[in-house]
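Just below is one structure, and these are the notes that go with it.
The values are calculated or read from the model by the stated rules, or taken from the named source; none is laboratory data. Since this is a predicted model, take the numbers as computed values, not measurements. Reconstructed Cβ throughout: ideal geometry from the backbone, glycine too, with neighbour counts over all protein chains shown. Remember, those area values only see protein heavy atoms, side chains included, never the ligands or the DNA or RNA. Shrake-Rupley method; radii C 1.70, N 1.55, O 1.52, S 1.80 Å.
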Amino acid sequence: MRRPYIAGNWKMNLTPSEGKAYASALAEAVKKAGADCRVMIAPSFVSLPGVVEAVKGSDITVSAQNMADHLSGAYTGEVSPEMLRDIGVNTVILGHSERRQYYGETDEIINGKVLLAISLKMEVILCVGETLEERESGKLEEVLKRQIEVGLKDVLPAEMDKITIAYEPVWAIGTGRTATPEDADAAHAFIRRTVAALYSDDIANNLIIQYGGSVKPGNVRALMAKENIDGALVGGASLKLDDFLPIITFNK
Ligand code: 13P
């Protein structure tokens, strides 16, 4: 059984004080609603300590949105995974399309980060997804296969329980244009088959695959009803309780 996993990627939004106040309210609301899915929020680096404190005692997971590809040293402006662990953050989003597009992260760089995170026993959400151009030129499967094969290179079968994959079609992020539940499910099924071929049916069947790209209270149910969609990685709609809570409680 794959437990639904709903995650909020705040991206570069909410100040540390706003984030802390929102996280407290969210923890309270999730508890009151008796949500039965796993809930995660990913604030910016500077907001992490306050948010970790705000959700203490709740079941909410706090994740980073990125991390350095080294443990320490002369890497100005970077944040080490050891620093994250030191403040109680053991989960990280890696390979988000905005990191790939705007900051030049390649599959190889992302793989280095995945391996580093895993070596520290951290959990990883590995983001994959095609651009509109890639989809329209029939390259969807080729792109997903490469992102998964290279992104997970040298990750051992026994370490796959630390990995969640988020399918985020680039053309659906922040555009209000969601993949249809059928299209998303087909991409998720392909991702599962790819992982089965690389590892085993068992590992593929246990893998949580989140969908991301304009998930809203109004479309989450139809997406989550699909066989291969196990969760959501939510951007814009994760920034307000009024939007995020109904997504978390989609099955209530
Ligand atoms: P939106 O929900 O704002 O489209 O963002 C999706 C996303 O990129 C989550 O990581």
### Query
Among the residues of the range 180-209, which ones are open to solvent by less than 50 Å² (accessible area, probe 1.4 Å), more than 13 Å from ALA166 (Cβ to Cβ) and either in a helix (DSSP H, G or I) or modelled with pLDDT under 95 (or both)?
PRO181, ASP185, ALA189, PHE190, ARG192, THR194, VAL195, ALA196, ILE203, ALA204
#### Entry: Residue in the range 10-47 that is least open to solvent (accessible area, probe 1.4 Å), counting only those that are part of a helix (DSSP H, G or I) and basic (Lys, Arg)
LYS20
### Message
Can you find, within the range 223-240, the residue that is nearest to ALA64 (Cα to Cα) among those that are within 8 Å of the ligand (Cβ to nearest atom) and assigned to a helix (DSSP H, G or I)?
### Response
SER238
### Task
Determine which member of the set ASP86, ASP69, ASP59 is closer than 18 Å to LEU126 by Cβ, away from the ligand (no atom under 16 Å from the Cβ) and free of Cβ contacts under 8 Å to residues at least 60 places away in the same chain.
ASP69
### Query
In the range 203-252, which residues are over 14 Å from LYS11 (Cβ atoms), in contact with a helix residue (DSSP H, G or I) (Cβ under 6 Å, 6 or more places away or on another chain) and of a type outside the set (A, V, I, L, M, F, W, C)?
TYR211, LYS216, PRO217, LYS226, ASN228, ASP243, THR249
### Query
Which of the residues that make up the range 3-32 are away from the ligand (no atom under 14 Å from the Cβ) and under 16 Å from VAL234 (Cβ atoms)?
PRO4, GLY19, TYR22, ALA23, LEU26, ALA29, VAL30
